[in-house]
Amino acid sequence: MSLSEEGNLPSISDSVTTSANSMKAEVFSSSASVAEMEAIAKRLRRHIITMTGKAGSGHPGGSLSAVEILTALYFGVLRHKPSDPQWADRDRFILSKGHAAPLLYATLAECGYFPVDELLTLRQMDSRLQGHTDRTVTPGVEMSAGALGQGLSFAIGVALAGQLNSQDYRVYVLLGDGECDEGQVWEGAMAAAHFKVDNLVAIVDNNGQQIDGWNRDVMNLDPFPGKWQAFGWHVIEVDGHNLAQLTEAFDQAKPVKGQPTVIIAHTIKGKGVSFMENNPDFHGKAPNAEEVKIALKELE
Amino acid sequence: MRETYGKTLVELGRENQDIVVLDADLSRSTMTKIFAREFPERFFDCGIAEQNMVSIAAGLAASGKLPFASTFAVFAPGRCFDQIRMSIAQPGLNVKLVTSHGGISVGEDGTSHHSIEDLALIGSLPGFTVIVPADAIETAQAVRMAAASYGPFYIRLCRPKVPPVYTESYRFNLGKAVTMRQGRDVTVIAIGLMVAAALEAAKNLGREGIDCRVLNMSTLKPIDEAAITQAAAETGAIITAEEHLEHGGLGSIVAQVLARHQPVPMEFVAIKDTYARSGKPAELLQRHGLTAKDIEQGVRSAIARK
């Protein structure tokens, strides 16, 4: 039985009228209140469940953990134009943990980059919504990701280009904590401080888990904030599900000069769905039809 | 070649403000230091971190810059293949990888610095243009061509000074083989420093009464299928000559074209399934069968099979 037959589609269509239409073709900039953002975050979670459930595969766990991070960015921080994804002066958001593609797609759709209904094409043949992000097909996607560890370096290049061109855009890159096992992340961390790319903010979705289990058991990253500090970064730690804290952290990062900023966002993998929370099984497994039903009920 | 690369970068840098250059702590060898001296604000030494360098270059290209990234051929693509694949090739970004120290003519540094697999690796990536210039004059032209053409490019240079095979009036034509010498009996298709060796071999073979055509296939990808097919049809035998493993380089690509369009006897002058060790460049080229004499032997074998 497809999800549309279960009657879940109307809730997706509702969100088109409530969010995208009201802000279509406008430059988004610090427009939403915390209460509005909370409502958006809930819709994003519903999209993630619905999309991955329909696709029958995907990565719900690490998408759900970063919902508030993207909500705060896209509805409170980023200067961007959904009607003109290539706008030269846009702030850039780069998803380095490319497996959180369902979250990015849901966010872009809620902003109006493409129709919300298109979310149900996730992972299908000829869909613009690839299993991992592909910058050549999806409006608003800055980087082709999925091979972990490359996004920070890519973001440094984007940030350096902004400095060379005297453009005032800012660059935000979202990493997974497990992703920080990759050596390239620390090559990038060293280079960002060395090149003083202060128009760059990295956010780590610090949900504590990776495919094989807890980070501390698979490959211990501690002392995690200390590592970033030692590499020359301005470090801010927040509750990654607290929209007010996240928004404040992004504000705090703006005046930091001469060094990059990392926001370590403490999160819960699978956040918002009881049986997915802190459950590594849902890193790369989609909910089945029954689980979708239960999850969506929890997210009403 | 390397000196020419550095000087050409400076000329391009003066013409185009968007040109930026990256290196991975080898700017004194790749000669990007010449650009760094002239345009320090547009030069990024990424340290010994090739993966990072490649993805930074991709980010710069995605933001409208025209990055040239350089290191030794053994380290890019060898050290950062996945970064080249996902940061550059998949999105088709406008990054120019120009590597030096291709092949075994690197010499004394030994196996770790010999690049004998790079053309197979980079040639496997969809959308990459791959160029192996034969001398300094062609290097300058190829670098200029890369700057003027959108998309991912790989240009492989070698360490030793190579004898010029062209005069200053030469104009590089992307994707076109250059007939260096006409001939009716057999065709040698060569790249890089093997082009000079092929011309020497052709001269020697002439004394034996063998009329040998020589093609410089400096654009390895996209390959000039028409020139290969025509050479096979007109001369009836093909020898390829390259400073690379036999598998996955020029020989493999040419064999594929011949199998499809014009099967003829073929011989491969290339490194057999092994690694080279330390030695002087000339000694290594001799040990691994990459001299004019080896090409001559290949020609005789191929002709015998006609």
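At 0.36 nm per residue, and after removing the present C-alpha to C-alpha distance, how many nm does the segment from B:Thr274 to B:Lys161 gain when stretched out fully? Display every interim value, and only then the final one.
Details: separation 113, 0.36 × 113 = 40.68 nm, distance 2.52 nm.
Length gained between B:Thr274 and B:Lys161: 38.2 nm.
With both partners inside chain A, how many of the DSSP beta bridges are antiparallel, as a percent to the nearest 5?
Working: 3 of 25 bridges.
So the antiparallel bridges in chain A amount to around 10 percent.
Out of all DSSP beta bridges with both ends in region B:173-292, state the antiparallel percent to the nearest 5.
Details: 3 of 17 bridges.
Restricted to region B:173-292, the bridges split so that about 20 percent are antiparallel.
In a Gaussian network model over chain B where Cα atoms closer than 10 Å are linked, find which of B:Ala177, B:Ala233, B:Ala24 has the largest mean-square fluctuation.
Most flexible of the set in this elastic network: B:Ala233.
What does the net charge come to around B:Tyr166 if you take all other residues with beta carbon closer than 9 Å to its beta carbon, with K and R at +1 and D and E at -1? Display every interim value, and only then the final one.
On the way: positive: none; negative: B:Asp135, B:Glu138, B:Glu168.
Net local charge, B:Tyr166 excluded: -3.
How about B:Lys161: which lysines have a C-alpha closer than 16 Å to its C-alpha, ignoring those fewer than 8 places off in the same chain?
Of all the lysines, those that pass the test against B:Lys161 - Cα under 16 Å, at least 8 places apart if same chain - are B:Lys7, B:Lys280.
May I ask you to derive the FRET efficiency for A:Ala244 and B:Arg37 from their Cβ-Cβ distance with R0 = 45 Å, giving the value to the nearest 0.05? Let's see the in-between values first.
Working: r = 50 Å, r/R0 = 1.12.
The computed FRET efficiency comes out at 0.35.
Most mobile of B:Arg184, B:Arg144, B:Arg156 per a Gaussian network model of chain B (Cα springs, under 10 Å)?
B:Arg184
Gap in Å between the Cα centre of region B:93-150 and the Cα centre of region B:292-306?
Cα centres, region B:292-306 to region B:93-150: 28 Å.
As a test, work out the antiparallel percent of DSSP beta bridges whose residues both lie in the protein assembly as shown, rounded to the nearest 5.
15 percent
Using a Debye calculation, one point per C-alpha and no hydration shell, please list log10 I(q)/I(0) for chain B at q = 0.10, 0.13, 0.14, 0.16 Å⁻¹ in order.
Values returned for q = 0.10, 0.13, 0.14, 0.16 Å⁻¹ are -0.51, -0.85, -0.98, -1.24.
Provide a whole-number value for the mean count of partner chain Cβ atoms within 10 Å of the Cβ atoms in peptide B:13-25.
Details: counts 0, 0, 0, 0, 2, 3, 0, 4, 0, 2, 0, 1, 0.
That works out to 1 on average.
Can you work out ³J(HN,Hα) from phi for every residue in region A:167-174, in order, using Karplus 6.51 cos²θ - 1.76 cosθ + 1.60 and θ = phi - 60°, giving whole Hz and x for Gly and Pro?
With coefficients 6.51, -1.76 and 1.60, one gets 9, 9, 5, 10, 10, 10, 10, 9 Hz.
Most mobile of A:Arg79, A:Arg45, A:Arg216 per a Gaussian network model of chain A (Cα springs, under 10 Å)?
A:Arg216
Please arrange B:Val20, B:Val10, B:Val188, B:Val162 by how many other C-beta atoms lie within 10 Å of their C-beta, fewest to most. All intermediate terms of the calculation are to be shown ahead of the outcome.
Working: B:Val20 26, B:Val10 18, B:Val188 34, B:Val162 22.
Arranged by neighbour count, lowest to highest, B:Val20, B:Val10, B:Val188, B:Val162 become B:Val10, B:Val162, B:Val20, B:Val188.
Could you give the distance between the Cα centres of region A:112-162 and region A:33-64, to the whole Å?
Here the two parts' Cα centres lie 17 Å apart.
Under 5 Å between amide hydrogens, which residues at least 5 positions from B:Glu267 or on another chain qualify, with H placed 1.01 Å from N in the peptide plane?
The list, which skips near neighbours in sequence, is B:Ile238, B:Ile239, B:Thr240.
List B:Phe153, A:Phe154 from most exposed to least, where exposure is judged by having the fewest other Cβ atoms within 10 Å.
Neighbour counts put them in this order, fewest first: B:Phe153, A:Phe154.
Around B:Ile131, which amide H atoms from residues at least 5 apart in sequence, or from another chain, sit under 5 Å from its own amide H, with H modelled in the peptide plane?
B:Tyr154, B:Ile155, B:Arg156, B:Leu220
So which lysines pass the test for B:Lys176, namely a Cα distance under 17 Å, with those fewer than 8 places away in the same chain ruled out?
In chain and number order, the partners are B:Lys221.
Given the pairs A:Lys196/A:Lys227; A:Lys54/A:Lys285; A:Lys81/A:Lys257; A:Lys54/A:Lys297; A:Lys97/A:Lys254, which span a C-alpha to C-alpha distance of over 21 angstrom in this model? Working shown, then result.
Details: A:Lys196/A:Lys227 17 Å; A:Lys54/A:Lys285 12 Å; A:Lys81/A:Lys257 26 Å; A:Lys54/A:Lys297 16 Å; A:Lys97/A:Lys254 23 Å.
As for pairs spanning more than 21 Å Cα to Cα, those are A:Lys81/A:Lys257; A:Lys97/A:Lys254.
For A:Gln210, list long-range residues whose amide hydrogen, built 1.01 Å from N in the peptide plane, is under 5 Å from its own amide hydrogen.
Those qualifying (amide H under 5 Å, at least 5 residues apart or on another chain) are A:Asn215.
Roughly how far apart, in whole Å, are the Cα centres of region B:157-216 and region B:25-85?
Region B:157-216 and region B:25-85 have Cα centres spaced 31 Å from each other.
Does region A:13-298 classify as rounded, prolate or oblate by the C-alpha gyration tensor (a ≥ b ≥ c root eigenvalues; a/c under 1.5 gives rounded; else a/b over b/c gives prolate, otherwise oblate)?
On the way: a/c = 1.58, a/b = 1.18, b/c = 1.34.
Judged from the Cα gyration tensor, region A:13-298 comes out oblate (a/c at least 1.5, b/c at or above a/b).
Using the 10 angstrom Cβ neighbour count as an exposure proxy, how do B:Ser105, A:Ser63, B:Ser112, B:Ser301 rank, fewest first?
By the 10 Å Cβ count, ascending, the order reads B:Ser112, B:Ser301, B:Ser105, A:Ser63.
With r defined as the distance between the Cβ atoms of B:Ser149 and B:Asp211 and R0 fixed at 56 Å, what FRET efficiency is calculated, to the nearest 0.05? Write down the numbers at each step before the final one.
Working: r = 36 Å, r/R0 = 0.64.
The value I calculate is 0.95.
Can you tell me how region B:1-45 classifies by the Cα gyration tensor, rounded, prolate or oblate, using a/c under 1.5 as the rounded cut?
On the way: a/c = 2.14, a/b = 1.21, b/c = 1.77.
Because a/c hits 1.5 or more and a/b fails to exceed b/c, region B:1-45 counts as oblate.
Using θ = phi - 60° and the Karplus relation 6.51 cos²θ - 1.76 cosθ + 1.60, list the HN-Hα couplings for region B:188-200 in order, rounded to whole Hz, with x at every Gly or Pro.
Result, ordered by residue: 9, 9, 10, 9, x, 6, 6, 5, 4, 5, 5, 5, 5 Hz.
Read-outs throughout are calculated quantities, based only on the coordinates presented, and are distinct from any laboratory measurement. Bear in mind the structure is a predicted one, so any value in this text is a computation, not a measurement. Methodologically, a virtual Cβ is constructed for each residue, glycine included, from the backbone with ideal geometry; neighbour enumeration extends over all protein chains shown.
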